Amino acid sequence: MASTVSDRPGYGQLLRTPGAWSFLLPGFAARQPFAMLTIGIVLLVQHTTGSYGSAGAVAAVTGVSMALFAPQTGKLADRFGQRAVLLPGVLVHTASVSALVALALADAPMWLLFAAAVPTGASVPQIGPMVRARWAAVLGAAPGREASPLMSTAAAFESVSDEFTFVIGPVLATALCTGVHPAAGLITEAALTLAGGLLFAAQRATQPSVRTPSATGSPRHASALSVPGVRVLAVAFVGIGAVFGGMQVSLAAFAEEIGSPGANGLMYGIFAAGNMLAGIACGAIAWKTGPRRRLIAGYTALTLTASGLWAVHSVPLLAGLGLLVGLSIAPALISGYTLVEALVPDSVRTEAFTWLTGAVALGQAAAVTVAGQLADAHGASTGFLVPLVGTVLALVTLVGLRSRLTPRVQGRTVARGIGHRGPVTVD
């Protein structure tokens, strides 16, 4: 159930938070390339090799590398500060993407493309988690103190921002790759990463303070992954990654199959637009149900809408069903990120957010590989089975382990190894 927006602080009050715009604008520019990376790799490598399977495999290596290294990036940011991690990271990423482009255009062997894909994924700047951590810092979220009522609004706003990049990014990358040059999407991604990342890193005033283990009372080697609920959410977010990856490859293959490659960007943009619109609505509603129940409801809707993708064979119907799938993603994402903020202390908050980001990347990596192989062997429609399988497995995990999603109240954390003080269950 939900009540009117007047019952709670809204987007207007959130955006009037002192210092917010100083990290929001460069943060948006810096996160835009993330939405361009996978589709840029798929379109370039497919152009040079003629195989969606090969293209998906290279993109998958990038995704797996990101999934493995993103939490470590978050941990380093929590310990040494975001600027210290971002500055070398954006330089490495720009160089790695440039090397990948050069190798692909030179028809280099696959093992060299895989080798370049590893640092490309490992160095993806974790801008989204860093922006979320900055919101928590400027809103005063801290252990021992009740969280600001604007935190859930901030979670919704960030989901909308993420999805807005997925409206623009794939469409822009597709237009550049098909209308300018097959490598133009990745070249633009590298340039935006460098410029946006450096601008974001320069905003030092809103950077969360570095907290030592002794200052926070946390065990020296405690990780956000030691919280059971974070592990459950990470598994569930693999399912969301399966939707993103499966949709990107399958829509591209479908558009190519019908002889209209330009339709790919349009269909994926509609899918992402549904996600963004649902995110706006979720942030504007004062929910009476808790985030755990909303999370399960969102995954249920996502599973149901994804179940019909494989059977659709026309652009209008596929775009319409993709819109419904997109509308179902945002409630799941927002609820998951809201739960994470409640589950972990601020000393590991950036790391916790990056575990979810990495899980999405891991699911996306597996999805682009499997969907690419299916599209090559059996046609584009079979690739749409990947989002369905991913969401079914995620839903089963959430339902079976929902008791572990027990948020803290007023800074009291339910975690093994990170301050266990009075758990409560919030549905």
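Against the condition more than 27 Å from GLY383 (Cβ to Cβ) and assigned to a helix (DSSP H, G or I), how does ALA352 come out, does it pass?
So ALA352 passes the test.
Can you tell me which of LEU388, LEU356 is open to solvent by 10 Å² or more (accessible area, probe 1.4 Å) and either closer than 21 Å to CYS282 by Cβ or not aromatic (Phe, Trp, Tyr) (or both)?
Numbers: LEU356 fails: open to solvent by 10 Å² or more (accessible area, probe 1.4 Å).
So the residue among LEU388, LEU356 that is open to solvent by 10 Å² or more (accessible area, probe 1.4 Å) and either closer than 21 Å to CYS282 by Cβ or not aromatic (Phe, Trp, Tyr) (or both) is LEU388.
Kindly indicate which of ALA202, ALA234, ALA183 is modelled with pLDDT of 85 or more, open to solvent by less than 50 Å² (accessible area, probe 1.4 Å) and over 21 Å from the mean Cα position of the chain (by Cα). Write out each step before concluding.
Values: ALA202 fails: open to solvent by less than 50 Å² (accessible area, probe 1.4 Å); ALA234 fails: over 21 Å from the mean Cα position of the chain (by Cα).
Exactly one residue qualifies, and that residue is ALA183.
Search segment 363-382 for residues that are at positive phi and pair each with any residue that is acidic (Asp, Glu) when their beta-carbon atoms are under 9 Å apart and the residues are at least 6 apart or on different chains.
GLY379/GLU257
Scan segment 54-64 and tell me whether some residue there is hydroxyl-bearing (Ser, Thr, Tyr), out of contact with any Phe, Trp or Tyr (no Cβ under 9 Å at 6 or more places or on another chain) and at pLDDT 85 or above.
yes
Mind listing whichever residues of segment 254-276 are more than 15 Å from LEU172 (Cβ to Cβ), open to solvent by 10 Å² or more (accessible area, probe 1.4 Å) and among the small types (Gly, Ala, Ser)?
GLY259, SER260, ALA263
List pairs: first residue in segment 72-90 and over 12 Å from PRO208 (Cα atoms) and among the basic types (Lys, Arg), second residue in a helix (DSSP H, G or I) and modelled with pLDDT under 85 anywhere in the structure, Cβ distance under 6 angstrom, at least six positions apart or on different chains.
Pairs found: LYS75/GLU351.
Quick one: would you say GLU158 is at pLDDT below 75, assigned to a helix (DSSP H, G or I) and either basic (Lys, Arg) or open to solvent by less than 30 Å² (accessible area, probe 1.4 Å) (or both)?
So GLU158 does not fit the description; no.
Looking at ALA29, ALA35, which is the one that is touching a Gly at 6+ places or on another chain (Cβ under 9 Å), assigned to a helix (DSSP H, G or I), surrounded by fewer than 21 Cβ atoms within 10 Å (Cβ to Cβ) and not hydroxyl-bearing (Ser, Thr, Tyr)?
Result of the check over ALA29, ALA35: ALA29.
Does any residue of segment 315-334 turn out to be on the phi > 0 side of the Ramachandran plot, without any contact (Cβ under 8 Å) to a residue 60 or more places away in the chain and open to solvent by 10 Å² or more (accessible area, probe 1.4 Å)?
Of segment 315-334, the ones on the phi > 0 side of the Ramachandran plot are none.
No, segment 315-334 contains no residue that is on the phi > 0 side of the Ramachandran plot, without any contact (Cβ under 8 Å) to a residue 60 or more places away in the chain and open to solvent by 10 Å² or more (accessible area, probe 1.4 Å).
With respect to ALA173, determine if the residue is in a helix (DSSP H, G or I), in contact with an Asp or Glu (Cβ under 8 Å, 6 or more places away or on another chain) and either of a type in the set (D, E, K, R) or modelled with pLDDT of 75 or more (or both).
Against the criterion (in a helix (DSSP H, G or I), in contact with an Asp or Glu (Cβ under 8 Å, 6 or more places away or on another chain) and either of a type in the set (D, E, K, R) or modelled with pLDDT of 75 or more (or both)), ALA173 qualifies.
Are there any pairs with C-beta distances below 9 angstrom linking a residue in segment 259-271 that is in contact (Cβ under 8 Å) with a residue 40 or more places away in the chain to a residue that is open to solvent by 50 Å² or more (accessible area, probe 1.4 Å) and small (Gly, Ala, Ser), with the two at least 6 apart or on different chains, and if so which?
GLY262/ALA175; GLY262/GLY179; GLY265/ALA175
All but one of (1) part of a helix (DSSP H, G or I); (2) of a type outside the set (Phe, Trp, Tyr); (3) open to solvent by less than 40 Å² (accessible area, probe 1.4 Å) hold for ILE280, so report the exception by its number.
Among (1) part of a helix (DSSP H, G or I); (2) of a type outside the set (Phe, Trp, Tyr); (3) open to solvent by less than 40 Å² (accessible area, probe 1.4 Å), ILE280 violates only (3).
Identify, please: which residue in segment 287-314 is touching a strand residue (DSSP E or B) at 6+ places or on another chain (Cβ under 9 Å) and buried (at least 17 other Cβ atoms within 10 Å of the Cβ) and is, among those, modelled with the highest pLDDT?
Checking each candidate, the answer is ARG294.
Let me spell it out: the conditions are (1) open to solvent by less than 40 Å² (accessible area, probe 1.4 Å); (2) farther than 19 Å from HIS378 by Cβ; (3) of a type outside the set (A, V, I, L, M, F, W, C); (4) at pLDDT 85 or above, and HIS47 meets all of them except one. Which number is the exception?
(1)
The values are calculated or read from the model by the stated rules, or taken from the named source; none is laboratory data. These numbers were taken from a predicted model, which means no experiment stands behind them. All Cβ positions, glycine included, derive from the backbone under ideal geometry; neighbour counts span all protein chains shown. Areas reflect the complete protein model, heavy atoms only, side chains present, ligands, DNA and RNA absent. Shrake-Rupley method; radii C 1.70, N 1.55, O 1.52, S 1.80 Å.
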